[in-house]
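The values are calculated or read from the model by the stated rules, or taken from the named source; none is laboratory data. For clarity, every value in this text was computed on a predicted model and none was experimentally measured. FYI the Cβ positions are ideal-geometry reconstructions off the backbone, even for glycines, and counts take in every protein chain you see. Quick note on the areas: whole protein, heavy atoms, side chains included, nothing else; ligands and nucleic acids left out. Shrake-Rupley method; radii C 1.70, N 1.55, O 1.52, S 1.80 Å.
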Protein chains: 2
Amino acid sequence: MAHETGTIPEAVLEKIARAREIRRRRFALRDTHVTMSHGSGGKATHNLVEGVFAPSFSNPALDRMDDAGLLEAAGTLAFTTDSYVVSPLVFPGGDIGCLAVHGTINDLAMAGAWPLGLSAAFILEEGYPVADLQALVDSMAAAARAAGVPVVTGDTKVVPQGHGDGVYITTAGIGRVIAPAPVGQHLARPGDRVLVSGQVGNHGVAVMLARGEVGVEASVTSDTAPLHTLVRALLEAVGPAVHCLKDPTRGGVATTLNEIALASEVAIALEERAIPVHPAVTGVCELLGLDPLTIANEGKLLAVVAPEAAARALEVLRAHPLGRDAAIIGEVAAEPAGMVFLRTDIGGTRVLDMLVGDPLPRIC
Amino acid sequence: MAHETGTIPEAVLEKIARAREIRRRRFALRDTHVTMSHGSGGKATHNLVEGVFAPSFSNPALDRMDDAGLLEAAGTLAFTTDSYVVSPLVFPGGDIGCLAVHGTINDLAMAGAWPLGLSAAFILEEGYPVADLQALVDSMAAAARAAGVPVVTGDTKVVPQGHGDGVYITTAGIGRVIAPAPVGQHLARPGDRVLVSGQVGNHGVAVMLARGEVGVEASVTSDTAPLHTLVRALLEAVGPAVHCLKDPTRGGVATTLNEIALASEVAIALEERAIPVHPAVTGVCELLGLDPLTIANEGKLLAVVAPEAAARALEVLRAHPLGRDAAIIGEVAAEPAGMVFLRTDIGGTRVLDMLVGDPLPRIC
């Protein structure tokens, strides 16, 4: 565990606990909206931290309230970061808070790593309601707790009204690499199979519909979820056979597989009919002329695995609650290097390029 | 070193190098201004990454272009993050780019840690000139190189014009704790001496003057600088005697020492005349009714050390280019716990509170 306290002497732990109590008594948040002073680093910042962040995220590493959190670790570490600017801040199936936790856990998992701790940095807009901020922070803290990954350090800045958009969150994460062999986008080999852990396109479509701009109604919820236990199960079962792990977020499956094809200097051929897509997502995409393969996911992974391990890998994914709809969707070939092809339902083959342009801005 | 490549097989390194070359040829940035598509995660994002970020930050960990950077580490790690929203983006003595590197290195150093690697997440505003972005990224990369700390992972998002302010940067950092004994804001003890590594208030005043709003002209430059080598020198000389290290950024010396007094349940008494302040900073503060002790610094540290080590600690700080003006400025007492006092030049004593309100918003 990242917030192991075994190495901290009892007397110091007591002192930290007492300091928490002193802070709780000394700092009280009375404001109902975020003010510029909440970003000053002075008393108002402490009021906001004690009023909103500290109670929600409380854990021994964070409770020290030092400028850095401490973690015990050894070996190869994975380190990642993402900023979240999703609009709207709340959408069916999630919000920017849990998304910021899941996204960074997933980037660590895709490096074959087990997450040890997260950081959370907030850029708040002056005038944003404190109650709404508290709801997002609570969602973030709940997501971190559910995943078993503590938020060990953080920061808060405030920008003037009109220079932000309520809340931007940047999370970073540290993980310990548990993959028994190197995993990376440059390691796909001809003959490998491509697996996806479930239906694609749900997150992007859910966020788009939540904006209410497209005049389409459909019941689609974001798939936002932490994939570290799914990855652990996969690595435990077929570890050395796993060559690439990538979560198809912005740019979707199409962009992600193009990245693998480029980095590995291989071709990838997909079977369109094998790719799981929720009927409502298919429907919305057809109406709006979008391709589900370029739409963001926040709780799905792509795995490129050696052919002899593909069936077992599929079995393991399907046995996990987050991989029930997993499928083998394609195969890696040697040539033409750097290209991705889609064999369509009607028997044709087309080049599947990366996402060009941005039909769905601010999806995460 | 964080970007050690000893564990990566030669064949994989060659593959990464070839993939870099392929990316360089395939992605070309032709836009002169940031567009929403640069945040899509698709081809335009790759064009921006290859055009601006990848060449500037290039190092083996980042060049893999995986979702996470890999680092080798063992022991107790420090982990920290800060968002930077300073306005203006460029100011005398620095800019948001080098500030984001120095600030996170310093937070690691204040945990008694040697920095191993940084992450960098950018929130760009649609319409921001690419040339200006390149200048900030170059400054950031130069600061990281000069400090010997690689940027191993990153992210780019774009928000619509009017929802950002050019560039916001969030850095996170990982460091290996090198302090031989625990260091933290709750560890100050009665009798300890308080040292500052140089003149206070320069950064905040430089940024304020750069805004041109106050009708005062003075030649003050930001003190933004990485303090890790200064901290290493101090720890090597008097390690076990160093009880607290804190950089007085937002909220200044006054807020930072109040945090220590609260967390350690001690009183701190400062000698005003011992605190080094640049004459131009004193002048500007008198004109504008500001207190240099509540103004942000970005290249200064406060150290609380055992009394018998104070003279040696001062000597070591002064022998380092970033500590030439270091001084012993105060002393820790048992009572009244949680309070900071200032013995003024004219012989009186006043309570020195945390910063209340925010006279200088968006200073970092």
If we keep only residues of the range B:144-161 that are of a type in the set (Val, Ile, Thr) and either assigned to a loop (DSSP other than H, G, I, E, B) or at the interface with chain A (Cβ under 7 Å from one of its Cβ atoms) (or both), then the residue farthest from B:Ser37 (Cα to Cα) is B:Val149
Being part of a loop (DSSP other than H, G, I, E, B), under 26 Å from B:Pro361 (Cα atoms) and open to solvent by less than 20 Å² (accessible area, probe 1.4 Å) narrows B:Gly164, B:Gly173 down to just B:Gly164
Which listed residue, of A:Gln185, A:Gln161, is closer than 21 Å to A:Asp247 by Cα, out of contact with any Leu (no Cβ under 8 Å at 6 or more places or on another chain) and polar (S, T, N, Q)
A:Gln185
Would it be correct to say that A:Glu217 is under 30 Å from A:Leu287 (Cα atoms), within 14 Å of another protein chain (Cβ to nearest Cβ) and open to solvent by 10 Å² or more (accessible area, probe 1.4 Å)?
no
Here is a check on your reading of the model: is B:Ala141 open to solvent by 30 Å² or more (accessible area, probe 1.4 Å) and more than 10 Å from chain A (Cβ to nearest Cβ)?
no
Residues located in the range A:144-153, provided they are over 14 Å from A:Cys98 (Cβ atoms) and either touching a Lys or Arg at 6+ places or on another chain (Cβ under 9 Å) or crowded, with 24+ Cβ neighbours inside 10 Å (or both)
A:Pro150, A:Val152, A:Thr153
Just for helices (runs of 4 or more DSSP H) wholly inside the range A:45-130: which have at least 1 residues that are under 21 Å from B:Tyr168 (Cα atoms) and of a type in the set (A, V, I, L, M, F, W, C)?
A:96-110
Within the range B:21-50, tally of residues that are open to solvent by 30 Å² or more (accessible area, probe 1.4 Å), of a type outside the set (Val, Ile, Thr) and under 15 Å from B:Asp132 (Cβ atoms)
3
When the residues of the range A:349-360 are filtered to those that are in a loop (DSSP other than H, G, I, E, B) and in contact (Cβ under 8 Å) with a residue 12 or more places away in the chain, which remaining residue is nearest to the chain's Cα centre (by Cα)?
A:Leu360
Inspect all residues belonging to the range A:102-114 and state whether any of them is touching a Pro at 6+ places or on another chain (Cβ under 7 Å), crowded, with 21+ Cβ neighbours inside 10 Å and more than 12 Å from chain B (Cβ to nearest Cβ).
yes
For the range A:191-207 the number of residues that are in a helix (DSSP H, G or I) and open to solvent by 10 Å² or more (accessible area, probe 1.4 Å) is 1
Identify, please: which residue in the range B:173-219 is more than 30 Å from A:Leu13 (Cα to Cα) and of a type in the set (S, T, N, Q) and is, among those, farthest from the chain's Cα centre (by Cα)?
B:Ser219
Can you find a residue in the range B:122-135 that is surrounded by 24 or more Cβ atoms within 10 Å (Cβ to Cβ), under 19 Å from A:Asp155 (Cα atoms), of a type outside the set (A, V, I, L, M) and within 17 Å of the chain's Cα centre (by Cα)?
yes
Within the range B:62-82, identify whether any single residue is of a type outside the set (A, V, I, L, M, F, W, C), crowded, with 24+ Cβ neighbours inside 10 Å and more than 7 Å from chain A (Cβ to nearest Cβ), and answer yes or no.
no
Just to be sure, is A:Glu236 within 24 Å of the chain's Cα centre (by Cα) and either outside any loop (DSSP other than H, G, I, E, B) or within 14 Å of chain B (Cβ to nearest Cβ) (or both)?
yes
In this structure, does B:Glu72 turn out to be acidic (Asp, Glu) and not assigned by the TED database to the domain that holds B:Val130?
no
Of all residues being open to solvent by 10 Å² or more (accessible area, probe 1.4 Å) and assigned to a strand (DSSP E or B) in the range B:247-277, which is nearest to the other protein chains (Cβ to nearest Cβ)? Just the residue, please.
B:Ala269
Taking first residues from the range B:182-200 that are closer than 14 Å to A:Asp67 by Cβ and in contact (Cβ under 8 Å) with a residue 24 or more places away in the chain and second residues anywhere that are of a type in the set (Asp, Glu) and in a loop (DSSP other than H, G, I, E, B), the pairs with Cβ under 7 Å that are 6 or more apart or on different chains are B:Gly184/A:Asp66; B:Gln185/A:Asp66
Residue match in the range B:191-206 (condition: of a type outside the set (A, V, I, L, M, F, W, C), touching a Lys or Arg at 6+ places or on another chain (Cβ under 7 Å) and more than 13 Å from chain A (Cβ to nearest Cβ)):
yes
